[in-house]
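The values are calculated or read from the model by the stated rules, or taken from the named source; none is laboratory data. Note that the structure is predicted; figures quoted are calculated from it, not measured. Ideal geometry is used to build each Cβ from the backbone, glycine not excepted, and the neighbour counts take in all protein chains shown. Please note that ligands, DNA and RNA were not included when accessible areas were found on the heavy atoms of the full protein model with its side chains. Shrake-Rupley method; radii C 1.70, N 1.55, O 1.52, S 1.80 Å.
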Amino acid sequence: MTPDQLDQIAKAVQDSLLNSLDREIQSATEQLGITEEISDDDWQTLVDLILA
């Protein structure tokens, strides 16, 4: 594969993964009864914790 093809695949997977993470975070927030808005910094922290 070319570097461009690999980059295209990585970006497609990244977009899909971020969308899935967003849905799962929202679902968990609702299930836990948390109504506070998730800030950008909190969202990044959550992603880091999930992927750690």
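Working from label points 7 Å from Cα in the Cα-to-Cβ sense, the ASP7 to SER39 distance is 3.4 nm. Expressed as a whole percent, the accessible area of the chain that falls on carbon and sulfur atoms is 53 (1.4 Å probe).
Over the chain, average the accessible area per residue using a 1.4 Å probe and give it in Å², no decimals. Don't skip to the end; give the middle numbers.
Details: 4530 Å² over 52 residues.
I get 87 Å² per residue for this part.
Relative to the Cα centre, what is the charge dipole magnitude of the chain, using +1 at the beta carbon of each Lys and Arg, -1 at the beta carbon of each Asp and Glu, and rounding to the nearest 20 debye?
Details: 2 positive and 12 negative charges, 58 e Å.
Here the size comes out at about 280 debye.
May I ask you to list the GluC sites (Glu not before Pro) in region 9-52 that are in a DSSP loop and have at most 11 other Cβ atoms within 10 Å of their Cβ?
On the way: sites: GLU24, GLU30, GLU36, GLU37; in loops: GLU36, GLU37.
Answer in residue order: GLU36, GLU37.
When the Cα positions of LEU6, THR45, ILE25 are compared along the charge dipole of the chain, LEU6 comes out farthest toward the positive end, with charges on each C-beta of Lys, Arg, Asp and Glu. Only helical runs count toward this figure. For the chain, summing -39,500 (n - 2.57) over DSSP H runs of n ≥ 4 and dividing by all residues gives -27000 deg cm²/dmol at 222 nm. Here the Karplus relation 6.51 cos²θ - 1.76 cosθ + 1.60, evaluated at θ = phi - 60°, turns the backbone of region 20-26 into coupling constants of 5, 4, 4, 4, 5, 5, 4 Hz, with x for every Gly and Pro.
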